[in-house]
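To start, the structure under review is shown below, and the notes come after it.
The values are calculated or read from the model by the stated rules, or taken from the named source; none is laboratory data. Being a predicted model, the structure only gives us computed values, none of them experimental. Every residue, glycine among them, receives a Cβ derived from its backbone with ideal geometry; neighbour counts consider all protein chains shown. SASA here: full protein model, heavy atoms, side chains in, ligands and nucleic acids out. Shrake-Rupley method; radii C 1.70, N 1.55, O 1.52, S 1.80 Å.
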Amino acid sequence: MALLGVNIDHIATIRQARRGIEPEPLHAALIAEQNGADQITVHLREDRRHIQDRDLEILRQTVQTRLNLEMAAIQTMVDIALRIKPDTVTLVPERREELTTEGGLKLLNDHRDLIRQLQNTGIEVSVFIEPDPEMIKSAAKLGVQAVEMHTGKYSNLTDSKEIAKEIERLHQGALLIAKLGMRIVAGHGLNYHNITSLTDLNCIEEYNIGHSIVSRAVFTGLAEAVYTMKQLIW
Ligand code: PXP
């Protein structure tokens, strides 16, 4: 059975809409863990649009499974990771104007030093890249322990032939990642409909999923929330 990393960024997105104290991301992390999450994933963005530094500190003290920190491949973020010590750092591309992470990270030789700094303190390093053979080989050359394949393209496609082609690209990518001795991870845009074609491949070891889980939670919880408020109103 594959591992599930639950990305709780959107809980913080709702909180930051009012810059208040609810909903609390820690609460989401605990519920996720109690219900089978194998990992809590957060993206500390440079613009701090959702997860804040204090969230990371609190989560590090409380997460009992694994804490996966997604972050830009820059020294200031590496310094934060070295202090917090998440179990895994996933290096992602980051542009301030984007709504969410678009496209995979282009791996460069310059990343080697950042990766070593993290690994030297016992942090596992994963890289979020397109399922492209050359990029996967570059990841292996940089010595990372895991590769997270970007499933954004797969998630956005609507044509069945194109979808089948992209699934095959992800499958071949997964086989190459395994052959090169790294852990196979996938994420971005995965939901309750498109996940099964990937689990059917029977080789992806971990998924990081956020948007669809939080979206579903809104509706599975809305009835109770309205009912309880109505009881308080006379
Ligand atoms: N993996 C990575 C590296 C991401 O950047 C994201 C989005 O923050 C996800 C997984 C989760 O994507 P989604 O929220 O679409 O499930």
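Distance from the C-alpha centroid of region 163-187 to that of region 1-48: 26 Å, rounded to the whole angstrom. Near residue 168, once Lys and Arg are set to +1 and Asp and Glu to -1 for all other residues with Cβ below 13 Å from its Cβ, the sum equals +1.
Taking a Cβ cut-off of under 10 Å around residue 130, the surrounding Lys, Arg, Asp and Glu residues balance to a net charge of +1, with basic ones at +1 and acidic ones at -1. In this view, the solvent-accessible surface of residue 153, computed with a 1.4 Å probe and all protein chains in place, comes to about 100 Å².
Straight-line cross-link partners of residue 179 among the lysines, defined as a Cα under 20 Å from its Cα and at least 8 positions apart when in the same chain: 137, 141.
With protein chains left intact and a 1.4 Å probe, residues in region 51-182 average 48 Å² of accessible area per residue.
Once the C-beta distance of residue 132 and residue 224 is scaled by a Förster radius of 45 Å, the resulting FRET efficiency is 0.50 to the nearest 0.05.
Applying the Karplus relation 6.51 cos²θ - 1.76 cosθ + 1.60 with θ = phi - 60° to region 107-118 yields 3J(HN,Hα) values of 6, 10, 4, 4, 6, 4, 5, 4, 4, 5, 4, 5 Hz, where x marks Gly and Pro. Over the residues of the chain, the helix contribution to mean residue ellipticity at 222 nm works out to -14500 deg cm²/dmol, using -39500 (n - 2.57) for each DSSP H run of at least 4.
For the chain, the dipole from Cβ point charges (+1 on Lys and Arg, -1 on Asp and Glu) about the Cα centre works out to 220 debye, to the nearest 20.
Counting protein heavy atoms only, region 76-166 has 51 percent of its accessible area on carbon and sulfur, 1.4 angstrom probe. Compared with the rule-of-thumb size 2.2 N^0.38 Å for a compact globular protein, the chain has a Cα radius of gyration ratio of 1.03.
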